[in-house]
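Chemist: Would you mind keeping the following structure in view while I ask a few things?
The values are calculated or read from the model by the stated rules, or taken from the named source; none is laboratory data. As the structure is a prediction and not an experimental result, all values here were calculated from the model. Cβ placement follows ideal geometry from the backbone for every residue including glycine, while neighbour counts extend to all protein chains displayed. What goes into the accessible areas is simple: the full protein's heavy atoms, side chains included, and nothing from ligands, DNA or RNA. Shrake-Rupley method; radii C 1.70, N 1.55, O 1.52, S 1.80 Å.
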Amino acid sequence: MTHRNFALAGGKIGTIIAVLVLLVWSVGPIYWSLATSFTSPTDLISAEPHFWPADMTLEHYAKLFGSTSMSQGNKVASVWPQFSRAIINSVITSVAATFITVAIAAFAAYAFARMKFPGRNVLFFVVVGTLAIPAYTVMIPLYRLMIALHLVDTYVGVTLIYVSAFLPLALWLMRSVYQSMPLSLEEAAWMDGAGRVYTLVRIIMPLAAPGLIAAAIITFLNAWGQFLVPLVFSPTLTTKPLTVLIPEFVSRNYVDYGLINAAGIIAIIPPVLVVLFLNRFLVSGLMAGATK
Amino acid sequence: MANLTISQLKKNYGNVEVLHGLDLTVNDGEFVSLIGESGCGKSTLLRMIAGLEEITDGTIAVDGRVINDVAPKDRDMAMVFQNYALYPHLTVAENMGFSLRLRNVPKAEIRPAVEDVAELLNLSPYLDRLPKALSGGQRQRVAMGRAIVRRPQVFLFDEPLSNLDAKLRVQMRVEIKALQRRLGTTSIYVTHDQMEAMTMSDRIVIMNHGKIEQIGAPLEVYDRPANVFVATFIGSPSMNLLDGVLERNADGIFIRTETAVIRVAGEISGQSGSNVIVGVRPEHLKIVADATEGSIPFDLDLIEPTGAETHLYGQTGKVLMTVALNDRFNAPLGSSLYLGIQEKHVHVFDKENGQRLN
Ligand SMILES: Nc1ncnc2c1ncn2[C@@H]1O[C@H](COP(=O)(O)OP(=O)(O)OP(=O)(O)O)[C@@H](O)[C@H]1O
Ligand SMILES: [Mg+2]
């Protein structure tokens with residue numbers, strides 16, 4: 001084996017190891033959660049670890065979905081009413097935040113990319129700069145503001161906070177998408193008799209679709225996974241999402257690992273579906289043929 | 001009807017003035033080319049006419065109406081971009097019909113209008129394709145079709161053929177010209193290919209560093225260049241230039257250069273003894289047998305047969321010269337030859353300001 005081949009083989013092995021580490025890092029916890037959700041409570045506290053439950057049980061899922069279930073030999077009420085409500089809350093706030101964020105970003109980013117107005121760059125960097133502010137520093141003033149506006153524990157309130165938190169990132173992304181598009185396409189549309197808005201909606205946005213989809217995915221995932229904001233602003237089941245509900249399955253003297261993990265697995269499904277669905281529109285090569 | 005009048009037009013980018021007060025009138029139905037070196041401001045001028053670039057100073061008027069503040073979409077001009085700028089997500093038919101749809105032309109009329117133009121441009125088989133499934137030449141024609149279909153007042157072309165190969169370029173050149181004749185639409189055509197400018201235009205505008213050097217019909221510009229810049233810019237190989245001194249005596253008018261005394265026909269301004277530049281086009285030189293009156297000694301360095309012509313490169317004194325002969329020619333490199341000139345083909349320019357004197 002020559003030195004060169006050796007180096008190549010070494011590089012390949014390095015790549016494989018890196019991929020494995022990454023896989024274990026990202027898929028490992030999900031696998032562990034899945035395995036746990038099928039493990040009976042007695043096995044859960046056994047000393048030797050199992051990589052897959054010896055005897056699979058659906059009792060944790062039954063506790064989530066059934067009307068009643070057995071826990072430690074006692075008949076208990078299921079958590080389905082709370083759980084289903086939290087799913088709905090998560091979906092509503094995440095979807096609303098995603099639509100509003102992407103819609104605003106689609107137009108505002110265009111203004112930042114193409115229109116000339118005084119203070120354009122300063123304003124943009126101030127908006128994007130808010131990304132650097134840690135959420136907990138604004139929590140208290142934000143809480144007072146939301147109280148004053150009577151928006152605590154309302155969909156509107158939570159969605160507004162999400163939009164203001166995730167808009168800068170979407171704006172940033174969309175501005176660079178617009179900037180990378182050839183100006184001559186817009187100019188051609190203007191010469192053809194189209195106004196600014198028509199050009200944006202009929203020519204630019206269809207071509208910027210992958211960017212809009214990416215912004216939607218990022219925003220949705222961010223909103224779905226939010227913990228701190230709903231912890232403060234969604235105190236009751238009126239708006240409480242899954243992320244806040246699931247940890248509450250920890251009771252004073254008993255941590256129901258099985259239930260928590262079963263709920264966690266269910267909570268992963270909607271974002272996975274959303275990503276799978278939107279991913280189909282994340283095609284490249286839309287610009288092919290526009291220019292020589 | 002569209003007469004375009006541009007007066008004292010200026011353009012600044014920041015503090016840099018790139019167009020220095022241009023005056024140009026384009027008559028209705030005329031085909032005018034803008035030609036000049038890269039960066040001289042051709043595209044800037046065209047884009048100002050289109051309304052895509054702000055006007056720093058001066059006016060642009062169509063049929064006497066100043067349009068400085070009219071938005072591009074309301075100018076009723078169509079532009080063919082150098083990079084075509086086709087809408088990649090729309091089919092050929094939709095690309096061409098886009099402007100009609102915006103004008104609220106009924107759908108039933110759009111399709112036939114598009115089909116007519118497609119027929120004209122040999123695009124009929126491709127109407128339902130996306131631009132990415134077309135060749136460069138076909139894309140170019142779609143860009144043309146998009147401009148034609150709405151019958152604008154003015155066509156603006158920014159080097160529309162520069163992305164095509166040589167053969168297709170000649171073919172499209174002929175097609176565009178024929179089309180423009182038929183439609184009779186006022187057209188402004190930016191190019192830096194002088195063959196395109198010479199063959200297509202009613203008049204040529206030669207630009208240099210944001211100024212207009214000369215405006216004239218193709219042959220007028222070729223035969224009587226207004227100054228040294230135009231003389232060397234138009235024509236390939238470019239015009240030979242020799243420094244000399246103007247002499248008037250009883251026998252006529254002569255230019256005495258370092259190596260020859262060249263007779264000038266006709267009248268000429270400029271005083272005896274003033275410094276001038278003599279210009280002779282390569283094709284107006286011929287090889288003569290011996291030193292005769294007015295002949296120029298020529299030391300041959302290189303022979304370049306192009307097929308149609310033979311180009312000779314060499315020098316007289318220390319000045320490089322080019323000769324273009326219609327015939328085949330052979331002589332040992334390094335030969336000392338003599339060049340004859342027809343006096344009616346001699347151009348004389350002021351040495352100081354480069355302006356034409358005869
Ligand atoms: N947006 C701009 N900002 C600053 N300077 C510019 C801008 N656009 C063009 N210029 C300058 O203006 C001058 C004219 O440019 P223009 O594009 O009109 O040249 P051109 O004659 O079309 O050249 P080419 O043949 O290369 O297309 C150039 O010196 C160029 O550097
Ligand atoms: Mg240009």
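Chemist: Could you work out the Kirkwood radius for region B:237-350, taking every pair of different alpha carbons, averaging 1/r and inverting it, reported in Å?
Modeler: Mean inverse Cα-Cα distance, inverted, gives 14.4 Å.
Chemist: If you don't mind, another one. Could you put B:His347, A:His150 in order of accessible surface area, largest first, with the 1.4 Å probe and the full protein assembly present?
Modeler: Highest to lowest solvent-accessible surface, that is A:His150, B:His347.
Chemist: Which of these, A:Glu186, A:Glu48, A:Glu248, has the largest mean-square fluctuation under a Gaussian network model of chain A (Cα springs below 10 Å)?
Modeler: Highest fluctuation among the options: A:Glu48.
Chemist: Let me ask something additional. Hey, any idea what Rg/Rh is for region A:80-291, computing Rh the Kirkwood way over Cα pairs? Please list the in-between numbers first.
Modeler: On the way: Rg = 20.1 Å, Rh = 19.1 Å.
The Rg/Rh ratio comes out at 1.05.
Chemist: While we're here: To the nearest Å, what is the center-to-center distance of region A:113-156 and region A:164-223, using C-alpha atoms only?
Modeler: 22
Chemist: Name the residues whose placed amide hydrogens come within less than 5 Å of the amide hydrogen of B:Leu34, ignoring near sequence neighbours (fewer than 5 apart) on the same chain.
Modeler: Amide H to amide H, under 5 Å and 5 or more residues apart or across chains, B:Leu34 pairs with B:Tyr189, B:Val190, B:Thr191, B:Val205.
Chemist: Now a separate question. With a 1.4 Å probe, what is the total accessible area buried between chains A and B, in Å² rounded to the nearest 100?
Modeler: Values: alone 17300 and 17080 Å², together 32070 Å².
Chain pair A/B: roughly 2300 Å² of buried accessible area.
Chemist: Right, something else. Mean 1/r over all different Cα pairs, inverted: what Kirkwood radius does chain B give, in Å?
Modeler: 23.0
Chemist: Calculate what fraction, in whole %, of the accessible area of the protein assembly as shown sits on carbon and sulfur atoms when a 1.4 Å probe is rolled over the protein chains.
Modeler: 60
Chemist: On average, how much accessible surface per residue is there in region A:2-57, in Å², for a 1.4 Å probe, leaving out ligands, DNA and RNA?
Modeler: 79
Chemist: Two decimals is fine: what's Rg over Rh for region A:2-57, C-alpha atoms, Kirkwood radius as Rh?
Modeler: That ratio equals 1.32.
Chemist: Distance cut-off 29 Å, Cα to Cα: go down the list B:Lys73/B:Lys177; B:Lys73/B:Lys167; B:Lys42/B:Lys318; B:Lys318/B:Lys351 and report the pairs above it.
Modeler: B:Lys73/B:Lys167; B:Lys42/B:Lys318
Chemist: Continuing with the same structure: Taking Cα atoms, how many degrees apart are the long axis of helix B:107-120 and the longest axis of chain B, rounded to 10 and kept between 0 and 90?
Modeler: Roughly 30 degrees, rounded to the nearest 10.
Chemist: For A:Ile45, B:Ile206, A:Ile213, write out the residues from largest to smallest accessible area, computed with a 1.4 angstrom probe and no ligands counted.
Modeler: A:Ile45, A:Ile213, B:Ile206
Chemist: In addition: Can you work out the Karplus-derived ³J(HN,Hα) for every residue in region B:170-185? Use 6.51 cos²θ - 1.76 cosθ + 1.60 with θ = phi - 60°, whole Hz, and x for glycine or proline.
Modeler: Karplus values, whole Hz, x for Gly and Pro: 5, 5, 5, 4, 5, 5, 4, 5, 4, 4, 5, 4, 5, 7, x, 8.
Chemist: Further question: What angle, in degrees between 0 and 90 and rounded to the nearest 10, separates the Cα long axis of helix A:3-37 from the longest principal axis of the Cα atoms of chain A?
Modeler: Once rounded, one gets 60 degrees.
Chemist: Sticking with this structure for a sec: Rounded to whole Å, give me the distance from the Cα center of region B:150-195 to that of region B:33-71.
Modeler: Each part reduced to its Cα centre gives a spacing of 18 Å.
Chemist: Here's a follow-up. Hey, can you find the accessible area per residue of region B:45-146 for me, probe 1.4 Å, expressed in square angstrom?
Modeler: With the other protein chains kept in place, region B:45-146 gives 42 Å² per residue.
Chemist: Averaged over A:181-189, how many beta carbons belonging to a partner chain fall within 10 Å of each residue's beta carbon?
Modeler: Partner-chain Cβ atoms within 10 Å, mean over residues of A:181-189: 6.
Chemist: Continuing with this model, one more query. Given the protein chains as shown and a 1.4 Å probe, how many square angstrom of B:Ile277 are accessible, to the nearest 10?
Modeler: Here the accessible area works out near 20 Å².
Chemist: Which value, in Å² and to the nearest 10, is the accessible area of A:Ser46 when all protein chains are kept and the probe is 1.4 Å?
Modeler: The accessible area comes out at roughly 50 Å².
Chemist: Mind checking the mean number of beta-carbon atoms from other chains within 10 Å of the Cβ atoms in B:72-80?
Modeler: Numbers: counts 8, 10, 3, 3, 2, 1, 4, 6, 2.
For this peptide, the per-residue mean of nearby foreign Cβ atoms is 4.
Chemist: Here is a further query. Quick one: what Rg and Dmax do you get for region B:1-142 from the alpha carbons, in Å?
Modeler: 17.7, 51
Chemist: Still on this structure, please answer the following. Arranged from highest to lowest average of other beta-carbon atoms within 10 Å per residue, in what order do the peptides B:268-276, B:182-190 appear?
Modeler: The densest-packed peptide leads the list: B:182-190, B:268-276.
Chemist: Do any trypsin sites (Lys or Arg not before Pro) in region B:78-123 lie in a DSSP loop with no more than 15 other beta carbon atoms within 10 Å, and if so, which? Before the final figure, lay out each step's value.
Modeler: Values: sites: B:Arg101, B:Arg103, B:Lys107; in loops: B:Arg103.
Listed in order of number, the matching sites are B:Arg103.
Chemist: As I understand it, the dipole of chain B uses +1 on the Cβ of Lys and Arg and -1 on the Cβ of Asp and Glu, about the Cα centre. Which of B:Ile277, B:Asn27, B:Gly210 lies farthest toward its positive end?
Modeler: Comparing the listed Cα positions along the dipole, B:Asn27 ranks first.
Chemist: Using the basic label-point model (7 angstrom from Cα toward the beta carbon), what is the A:Val127 to A:Tyr143 distance in nanometres?
Modeler: The modelled label-to-label distance comes out at 3.0 nm.
Chemist: Continuing with this model, one more query. Please list 3J(HN,Hα) in residue order for region A:200-206, calculated via the Karplus relation 6.51 cos²θ - 1.76 cosθ + 1.60 where θ = phi - 60°; whole Hz, with x for glycine and proline.
Modeler: 4, 6, 8, 10, 6, 4, x
Chemist: Would you list B:Ser236, A:Ser176 from the most to the least accessible area, probe 1.4 Å?
Modeler: On the way: B:Ser236 100, A:Ser176 60 Å².
Order by accessible area, largest first: B:Ser236, A:Ser176.
Chemist: A further question follows. Could you work out the mean count of beta carbons from other protein chains within 10 Å of each residue's beta carbon in B:134-141?
Modeler: Numbers: counts 1, 0, 1, 0, 0, 4, 1, 0.
Partner Cβ neighbours, averaged per residue: 1.
Chemist: In a Gaussian network model over chain A where Cα atoms closer than 10 Å are linked, find which of A:Ala263, A:Ala77, A:Ala216 has the largest mean-square fluctuation.
Modeler: Residue with maximal mean-square fluctuation among A:Ala263, A:Ala77, A:Ala216: A:Ala77.
Chemist: Shape verdict for region A:211-273, please, from the Cα gyration tensor: rounded (a/c under 1.5), prolate (a/b greater than b/c) or oblate.
Modeler: Because a/c hits 1.5 or more and a/b fails to exceed b/c, region A:211-273 counts as oblate.
Chemist: Keeping all protein chains in position, work out how much accessible area B:Asp327 exposes to a 1.4 Å probe, and write it in Å² to the nearest 10.
Modeler: 110
Chemist: Over the protein assembly as shown, what portion of Cα pair distances is larger than 47 Å, expressed as a whole percent?
Modeler: 46
Chemist: Something else: In whole Hz, what ³J(HN,Hα) sequence does region B:9-21 give by Karplus (6.51, -1.76, 1.60; θ = phi - 60°), x for Gly and Pro?
Modeler: Taking θ as phi minus 60°, the curve returns 7, 10, 9, 10, 10, x, 8, 8, 8, 9, 10, 10, x Hz for region B:9-21.
Chemist: Farthest toward the dipole's positive end in chain B, which of B:Ala113, B:Ile6, B:Gly294, given Cβ charges of +1 (Lys, Arg) and -1 (Asp, Glu) about the Cα centre?
Modeler: Farthest towards the positive pole: B:Ala113.
Chemist: For region A:109-232, what percent of Cα pairs sit more than 18 Å apart?
Modeler: The answer is 61 percent, as a whole percent.
Chemist: Collect residues whose amide H, placed 1.01 Å from N in the peptide plane, falls under 5 Å from the amide H of B:Ser274; neighbours closer than 5 in sequence don't count.
Modeler: For B:Ser274, whose amide H was placed from the backbone, the distant partners under 5 Å are B:Leu246.
Chemist: Among the lysines, which have Cα under 19 Å from the Cα of B:Lys132 when same-chain residues fewer than 8 positions away are ignored?
Modeler: A:Lys292
Chemist: What does the net charge come to around B:Glu17 if you take all other residues with beta carbon closer than 13 Å to its beta carbon, with K and R at +1 and D and E at -1?
Modeler: Net charge around B:Glu17: +2.
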